[in-house]
Amino acid sequence: MPTAARDIPQGNGHSDSLARTVSNSFGTLDLSTSPTATFHSPQSSYGGHQKPSTKQLKPFQTQDVKVLLLENVNKTGQDILRKQGYQVEALKSSLPDDQLIEKIRDVHVIGIRSKTQLRANILKHAKNLIVIGCFCIGTNQVDLQYAAENGICVFNSPFSNSRSVAELMIGEIITLARQLGDRNNELHNGVWNKVSAGCWEVRGKTLGIVGYGHVGSQLSVMAESMGMKVIFYDVVNLMSMGVASPVHTLEELLRQADFVTLHVPEIPETMNMISTAQFDQMKQGAYLLNASRGSVVDIPALIKAMQAGKLAGAALDVYPNEPGGNGEHFTNNLNDFTEDLRKLKNILLTPHIGGSTEEAQSAIGAEVADSLVKYVNLGTTSGAVNMPEVTLRSLTMDEPNHVRVIYIHKNVPGVLRRVNEILGDHNVDKQMTDSRGDVAYLMADISSVNVSEIKDLYQSLEDLGTSLYTGSSTLDGVGR
Ligand SMILES: NC(=O)c1ccc[n+]([C@@H]2O[C@H](COP(=O)([O-])OP(=O)(O)OC[C@H]3O[C@@H](n4cnc5c(N)ncnc54)[C@H](O)[C@@H]3O)[C@@H](O)[C@H]2O)c1
Ligand SMILES: O=C(O)CC[C@@H](O)C(=O)O
């Protein structure tokens, strides 16, 4: 476990141990430093299953919670966060690193999509950050380990755009088979070119799906309904949808498929997983589609395979380097193969829009914003991608002098015993703890706590020296 990776200012109540303790205050235990502050319970955005009298974790005054949303996060998500009373700044694009560093210093919550890279070099400046929301499926753009080791929880939306991606793939398979992209461009340029050579029905053709997860399996069902034969390759043994058949190796899939479509995550094993050797294994005149991540295909090798006539077409939705926002140019400045790519025939180039539908973005907005609210208000980590999943029945307004303690700590022997010695001075009503790798997360609801005792409680936990970040907040007003 690395030691303090954060550059924490001295003398502000933080420790430079990897530590984080979040205490909360409710009702009469409101510890806000604001003299005018009163407890209030914003409407829950996450449905009727939360009792209206639910008490909320208040590591901060609600209105002090600063949220930065980048990359045009859908309005549904923005509204949920604004309704909580948080301060929400929403920008349409990603930010260059220097501007991101300036902004991230202050915020408690950040929401991004696939473009913004939150690596250690950026996150080390995020002194107050408690949670990251990826308003998308992929989380490869975030250093999940660094975040966990610094007590920053990360959420995503695991399947809200899967259907949209799968539908786009169906559209692209037919578009490639019929060379629609080229015919459309020609006629837009005034050229009538009525051809059938090299144009095919998709019925009876074999679709090879690499990565049979949320997107791949949806696509499988739709492709079969158009009369395609579906084969798939996945590193995990998964149930076939319909009459799709699993194959044992990628090579087997490449040798059989007329259309190869990639739906794997960006991980070291999938980096350039389709390169020269794999193009050689594909059938003459096959098609390649990639809507996963740009790093999964060796694009210069794809260009060569297309130029050599090995492939009859390709569709790319993702690229190793993508523009930061709409209106920016897609040129060799970003990827040095871009001009060659643009010159190819029967290649569909789309600007990472696989999941860009109203339905998907709204669903993602709601799902991720709800996760963020539950985390900030209640400490619940259900659905987190880098922390153990911990939740407890909420405290209610009928429970005076109750406090929820969240303690994110290094997963080392003896911590729980020492934490419970501290909490044991009070009545521990309920407690849940779980670990994930080096990080452990404890949630405890304790009662018979007086306002005057909370600061000591907090300090005692912080003094254990095993916390993953100490930065709570209302007790000394410094926040995190
Ligand atoms: N273009 C877009 O807008 C868009 C939208 C959604 C998702 N995506 C990307 O697509 C990816 C897949 O999405 P999903 O929701 O289906 O993910 P998923 O996690 O549900 O499925 C991924 C599948 O890939 C498999 N896999 C992992 N490594 C593999 C390997 N080396 N070989 C074969 N299979 C492997 C996994 O076992 C899993 O079944 C995401 O990680 C994301 O990066 C892009
Ligand atoms: O909307 C985005 O930026 C990302 C879409 C997609 O790649 C995802 O990971 O969900």
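Among the residues of the range 325-342, the one identified as in contact (Cβ under 8 Å) with a residue 60 or more places away in the chain and either outside the structural domain of His263 (by TED's automatic domain parsing) or of a type in the set (Gly, Ala, Ser) (or both) is Gly325.
Counting just the residues of the range 138-148 that are surrounded by fewer than 24 Cβ atoms within 10 Å (Cβ to Cβ) and not hydroxyl-bearing (Ser, Thr, Tyr), which one comes out nearest to ligand 1 (Cβ to nearest atom)? Checking each candidate, the answer is Gly138. One residue stands out in the range 149-161 among those that are among the hydrophobic types (A, V, I, L, M, F, W, C) and either part of a loop (DSSP other than H, G, I, E, B) or open to solvent by 10 Å² or more (accessible area, probe 1.4 Å) (or both): the one that is farthest from Val373 (Cα to Cα), namely Phe159. When restricted to residues that are closer than 21 Å to Thr175 by Cβ and open to solvent by 40 Å² or more (accessible area, probe 1.4 Å), the range 290-311 contains 2.
Checking each residue in the range 386-433 for being exposed (fewer than 14 other Cβ atoms within 10 Å of the Cβ) and in a strand (DSSP E or B) picks out Thr396, Asn427, Lys430. The condition of being surrounded by 18 or more Cβ atoms within 10 Å (Cβ to Cβ) and within 16 Å of ligand 1 (Cβ to nearest atom) holds for only one of Ile267, Ile274, that being Ile274.
Residues to consider are Leu461, Leu423, Leu442; find the one that is among the aliphatic types (A, V, I, L, M) and closer than 20 Å to Asn128 by Cβ. Among Leu461, Leu423, Leu442, only Leu461 is among the aliphatic types (A, V, I, L, M) and closer than 20 Å to Asn128 by Cβ.
When the range 99-117 is filtered for residues that are in a loop (DSSP other than H, G, I, E, B), among the polar types (S, T, N, Q) and either open to solvent by less than 10 Å² (accessible area, probe 1.4 Å) or more than 27 Å from Phe159 (Cβ to Cβ) (or both), only Thr116 remains.
Screening the candidates Gly190, Gly171 for the property of being within 16 Å of ligand 1 (Cβ to nearest atom) and either modelled with pLDDT of 95 or more or surrounded by fewer than 16 Cβ atoms within 10 Å (Cβ to Cβ) (or both) yields one hit, Gly171. Ala314 meets all of the listed conditions (1) buried (at least 18 other Cβ atoms within 10 Å of the Cβ); (2) out of contact with any strand residue (DSSP E or B) (no Cβ under 7 Å at 6 or more places or on another chain) but one, namely (2). Residues in the range 211-226 that are of a type in the set (A, V, I, L, M, F, W, C) and either farther than 14 Å from Ala244 by Cα or within 16 Å of ligand 2 (Cβ to nearest atom) (or both): 2 in all.
Number of residues in the range 357-383 that are within 12 Å of ligand 1 (Cβ to nearest atom) and part of a loop (DSSP other than H, G, I, E, B) equals 1. Candidates Ala90, Ala120: the one that is hydrophobic (A, V, I, L, M, F, W, C), open to solvent by 30 Å² or more (accessible area, probe 1.4 Å) and within 16 Å of ligand 2 (Cβ to nearest atom) is Ala90.
Checking the conditions here, which among Val202, Val191, Val230 is away from ligand 2 (no atom under 16 Å from the Cβ) and assigned to a strand (DSSP E or B)?
Val230
Across the range 333-356, the qualifying residues are those that are of a type in the set (A, V, I, L, M), part of a loop (DSSP other than H, G, I, E, B) and away from ligand 2 (no atom under 12 Å from the Cβ), and the one among them that is most open to solvent (accessible area, probe 1.4 Å) is Leu334. Listed conditions (1) touching a His at 6+ places or on another chain (Cβ under 6 Å); (2) of a type in the set (A, V, I, L, M, F, W, C); (3) assigned to a loop (DSSP other than H, G, I, E, B) are all met by Val215, apart from (3).
When the residues of the range 232-263 are narrowed to those that are closer than 20 Å to Leu349 by Cα and crowded, with 22+ Cβ neighbours inside 10 Å, which ends up farthest from the chain's Cα centre (by Cα)?
Phe259
Could you go through the range 87-97 and let me know if any residue there is assigned by TED's automatic domain parsing to the domain that holds Asn411 and farther than 25 Å from Ser362 by Cβ. The answer is yes, given that some residue of the range 87-97 is assigned by TED's automatic domain parsing to the domain that holds Asn411 and farther than 25 Å from Ser362 by Cβ.
Give Ile137, Ile209, Ile174 a once-over and let me know the one that is in a strand (DSSP E or B) and either in contact (Cβ under 8 Å) with a residue 12 or more places away in the chain or over 30 Å from Asp434 (Cα atoms) (or both). Only one candidate qualifies: Ile209. Kindly indicate whether any position in the range 193-213 is open to solvent by less than 30 Å² (accessible area, probe 1.4 Å), within 16 Å of ligand 1 (Cβ to nearest atom) and of a type in the set (Ser, Thr, Tyr). Yes - at least one qualifying residue is present in the range 193-213. Only a single criterion out of (1) in a helix (DSSP H, G or I); (2) away from ligand 1 (no atom under 13 Å from the Cβ) is not satisfied by Ser164, namely (2).
Condition check ((1) within 30 Å of Gly465 (Cβ to Cβ); (2) of a type outside the set (A, V, I, L, M)) across all residues:
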{"residue": "Ile137", "(1), (2)": "no, no"}
{"residue": "Asp143", "(1), (2)": "yes, yes"}
{"residue": "Gly151", "(1), (2)": "yes, yes"}
{"residue": "Pro158", "(1), (2)": "no, yes"}
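The values are calculated or read from the model by the stated rules, or taken from the named source; none is laboratory data. Just so you know, these numbers come straight off a predicted model, no measurement behind them. We place every Cβ from the backbone using ideal geometry, glycine too, and count neighbours over all the protein chains shown. SASA here: full protein model, heavy atoms, side chains in, ligands and nucleic acids out. Shrake-Rupley method; radii C 1.70, N 1.55, O 1.52, S 1.80 Å.
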